[in-house]
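The values are calculated or read from the model by the stated rules, or taken from the named source; none is laboratory data. Just so it is clear, the model here is predicted, and its values are computed rather than measured. We place every Cβ from the backbone using ideal geometry, glycine too, and count neighbours over all the protein chains shown.
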Amino acid sequence: MGFLSLIIALLLEQVRPLHSANVAYNAVRGTAEVLERNFNAGEKQQGVLAWFILVAPLTLFAWLIFYLLLRVHPFLGLAWNALVLYFTLGFRQFSHYYTDIQIALANNDLERARALLTEWKRAADPSFSAADLVLSDICRLAIDEALVASHRHVFGVFFWFVLMPGPSGAVLYRLADYLARRWNMPIKGAPLEPFGLFAQRAFQWIDWLPVRFTAIGFAIVGNFEDAVFCWRNHVHQWDDASRGILLAAGTGALGVRLGPATRGVMEPPPSTIDPTVSHDDPGADPAIDAMPGVDASPAALRSAVGLVWRSMLLWTLLLLLLSVAGLFG
C-alpha cells in the first residue's frame, strides 16, 4: 500500500502541481501565525506548548482517518495515504525556482537568475541578496538549495511515511520542518527568540536519521568514495549539522564544490588526488584547496537533478522490495 500511495502521489504532483497558496498550506500557515501571536511571550515553554498544539492533533488526525478508512475498505486507506502525500511530498513544491534558474542561465540572463535565487532563498532568509553573485556562486547556491529542499520535501517525508503508520509520519515531518523555519526566521544581528527554540530542536531530533539516509543515498548513486570522504572531513564547515551532512555528501557525490566559505585546508578525496601536484604547498589558496571538486556550473545543475532522481529511484525500489517481502511474508 505504501508503494502504491507514493507512486500515485508523485504522478498526481506531476500532472497537477500543488500551488503554495492551497487551502491546506494556508490553514497551517494561519494557525502557526495565530499560535505565535497568542503564545509568544518570550519564554521557551510557550513555544513547546504551541508546537504540540499544532503538531500532535494533526499527526493523530492523519493516522486516525487512515485507520478508520482502512477498516471500511483498503482502497479508501490507499486513497487517503496518496492524498496526504500529495500535500506533503513532492519535487514540484520547490523545483520551479531551480528550473527557472536553469532556463535563465541557458539564456545567459544572469540578472534573471540572481532575481530568482534571491526570491527563493528569501523564504528562509529575508536579508539574502544574490545581486553581486558571479555565475559559479549562483550555480553553487542553487544546487545547495535544491539538495536541501529535495531532502526536506521528498526524502525526509518519505522516510517517516515508511516508518510510521498511515500518513502520520509524513504529516509529522512536514509540520516540524515548517515550524522550525517559520518560528525561527533569521533577523540580521539578532539571536533567535526563545519561542522558536523547541521547534528548531524538535526538527533536529526528527531529522537526525532521515538526513543521514538521504546522504547515504547520494553517496550510493553518486561517487561513493568521495561522498564518504567529504562527509567525514568537511561536514563541520557548516553551522547547521543537517545541512552540512547533505551538502558535504553532495559535494563528493557530484564532484562539485558546494557550501560556505572554507575554514581550513584539508586533503582532497582519493579520486581527485593528482600525484604530480604537491598538496603541501604553503602558498596554496585555502579557499580553493579546502573544499574538493570543481566550481559549480550550469552543467552541474543538470548533474544535481540526476543525482536527486537516482536517489528517489533507489529508495522507491527499496520500498517496493519491502512491500513485496511484506506481501509474501
The condition from (1) touching a residue at least 24 places away in the same chain (Cβ under 8 Å); (2) surrounded by fewer than 20 Cβ atoms within 10 Å (Cβ to Cβ); (3) β-branched (Val, Ile, Thr) that Thr99 misses is numbered (1)
Of (1) surrounded by fewer than 20 Cβ atoms within 10 Å (Cβ to Cβ); (2) in contact (Cβ under 8 Å) with a residue 40 or more places away in the chain; (3) within 24 Å of Leu10 (Cα to Cα); (4) among the polar types (S, T, N, Q), Gln93 fails just (1)
Across region 217-244, what is the total count of residues that are under 17 Å from the mean Cα position of the chain (by Cα), surrounded by 24 or more Cβ atoms within 10 Å (Cβ to Cβ) and modelled with pLDDT under 95? 1
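Within region 33-76, restricting attention to residues that are of a type in the set (Val, Ile, Thr) and in contact (Cβ under 8 Å) with a residue 12 or more places away in the chain, which residue is farthest from Ala199 (Cα to Cα)?
The initial filter retains those residues of region 33-76 that are of a type in the set (Val, Ile, Thr), namely 34, 48, 53, 55, 59, 65, 72.
Retained after the next criterion (residues that are in contact (Cβ under 8 Å) with a residue 12 or more places away in the chain): 48, 53, 55, 59, 65.
Details: Val48: 7, Ile53: 12, Val55: 10, Thr59: 15, Ile65: 26 Å.
Looking at residues that are of a type in the set (Val, Ile, Thr) and in contact (Cβ under 8 Å) with a residue 12 or more places away in the chain, I get Ile65.
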Which numbered condition Arg114 misses (of (1) closer than 30 Å to Leu313 by Cα; (2) crowded, with 18+ Cβ neighbours inside 10 Å): (1)
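Just to check your reading of the model, which residue among Leu105, Leu110, Leu116 is within 15 Å of Ala300 (Cβ to Cβ) and not charged (D, E, K, R)?
On the way: Leu110 fails: within 15 Å of Ala300 (Cβ to Cβ); Leu116 fails: within 15 Å of Ala300 (Cβ to Cβ).
Unique residue meeting the criteria: Leu105.
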Six or more apart or on different chains, Cβ under 7 Å: which pairs go from a residue in region 286-302 that's at negative phi to one that's acidic (Asp, Glu) and modelled with pLDDT under 80? Could you list them? none
Counting only residues in region 108-122 that are touching a residue at least 24 places away in the same chain (Cβ under 8 Å) and of a type in the set (A, V, I, L, M), the one farthest from His96 (Cα to Cα) is identified as Leu110
Kindly establish whether Ile65 is of a type in the set (Val, Ile, Thr) and within 20 Å of Ala180 (Cβ to Cβ). no
Take the residues in region 125-141 that are in a loop (DSSP other than H, G, I, E, B) and free of Cβ contacts under 8 Å to residues at least 60 places away in the same chain; name whichever of them is surrounded by the fewest Cβ atoms within 10 Å (Cβ to Cβ). Asp132
